[in-house]
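Enquirer: Provided herewith is a single structure, encoded as structure tokens, for subsequent inquiry.
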Amino acid sequence: MRKYAFFLGCTIPVRSISYEISARKVLEALGIELVTLKEFSCCGPAPLYSLDFYGALAISARNLSVAAEKGLDILTLCSGCFETLLRAKIELEQNVNTRKKVEDILNSAGRKLSTNVNVKHIAILLAKDIGVGELKKKVSADLKDISVATFPGCHLFRPGRALRTSDNPQKPKLLDKIVEALGAKPIEYTGKYECCGGTLSGIDQELSMKMMVEKLRSIAEEGADCIVTACPFCFIQFDMGQQAAKRDLKENISIPVLYLTELIGLAFGIPPEELGLNTHASDVSPLLSKISRDG
């Protein structure tokens, strides 16, 4: 059984518990063991770099060293955490001067720097390490009538050169391939590969809402049964944002929003109540009514 150090980050335990619940269920079904390390902290996200570049890198490096100490690779659910930790690992491996400065910071805190650990996002693990073929074998529900608007977001594949992803960073298809393996139909729509607007909400709420609504309209026009993402920030933007758009803009669009692991769980025949779908702001019942469990 493969084991991974489970890196939950800051947002998921507080605002997206269903992501963790569904990920645990799906990975258990696939024979993956998740190890919780209490020593993990915030990933050291990009905004901190403008305040203290080496300090931010040291936060990421500390998390890498925690996993390396246990002899485990890191598995993340959050696209932002994935990008932050992976880019830190690459920076520390390639830049000798940076590595020395960060190493000094860690040493002062009684910890040894180590980049001898891989950083994986759950979507990449599922599609490439486990493989879509293995996912197909576990499918027990019939999703052939389900049209899915996948939303890859910004941080899982971009910047492509820095993250060394094999997918096209401008038009990634990894989520679509997983959806197809589950028997559902991924669709194209305007704005699929653009930012959801979520990170702008604290700066320009009006613009953030506009970006989201434009995508929701496009998705609705294409007849999608649900939106599926693997990023907690994108999920929150679409899931809770629909309620705000209805309240503030009188924009009455209602589309179920799911995490990738939740759709996989449904395809595997895991009951909705065991996946945490009752925690969503968007109404998922129209989607559930279209899924046959006799497949």
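The values are calculated or read from the model by the stated rules, or taken from the named source; none is laboratory data. Since we're looking at a predicted model, the values are computed, not measured. Cβ sites come from the backbone with ideal geometry, for glycine too, and all protein chains shown count toward neighbours.
Enquirer: In the stretch 259-277, is there at least one residue being assigned to a strand (DSSP E or B) and in the same structural domain as K136 (by TED's automatic domain parsing)?
Expert: yes
Enquirer: Within the stretch 258-295, restricting attention to residues that are of a type in the set (S, T, Y) and touching a residue at least 60 places away in the same chain (Cβ under 8 Å), which residue is farthest from V228 (Cα to Cα)?
Expert: Looking at residues that are of a type in the set (S, T, Y) and touching a residue at least 60 places away in the same chain (Cβ under 8 Å), I get S292.
Enquirer: Given the conditions (1) at pLDDT below 95; (2) farther than 29 Å from D239 by Cα, which single one is not true for I59?
Expert: Unmet for I59, out of (1) at pLDDT below 95; (2) farther than 29 Å from D239 by Cα: (1).
Enquirer: Give the residues of the stretch 194-208 that are over 21 Å from the mean Cα position of the chain (by Cα) and buried (at least 17 other Cβ atoms within 10 Å of the Cβ), sorted by residue number.
Expert: Across the stretch 194-208, there are no qualifying residues.
Enquirer: Of the residues that make up the stretch 187-202, is at least one under 30 Å from G269 (Cα atoms) and aliphatic (A, V, I, L, M)?
Expert: Yes, that holds for at least one residue.
Enquirer: Filter the stretch 45-81 down to the residues that are small (G, A, S) and within 17 Å of the chain's Cα centre (by Cα) and list them by number.
Expert: Listed by number, the residues that qualify are A46, S79, G80.
Enquirer: Inside the stretch 126-185, counting only helices (runs of 4 or more DSSP H) that do not spill past its ends, which hold 1 or more residues that are at pLDDT 95 or above, in the same structural domain as P272 (by TED's automatic domain parsing) and not β-branched (V, I, T)?
Expert: 132-138, 174-181
Enquirer: Still on this structure, I have one more. Quick one: which of K112, K100, K173 is surrounded by fewer than 17 Cβ atoms within 10 Å (Cβ to Cβ) and under 29 Å from I291 (Cβ atoms)?
Expert: Only one candidate passes the filter, namely K173.
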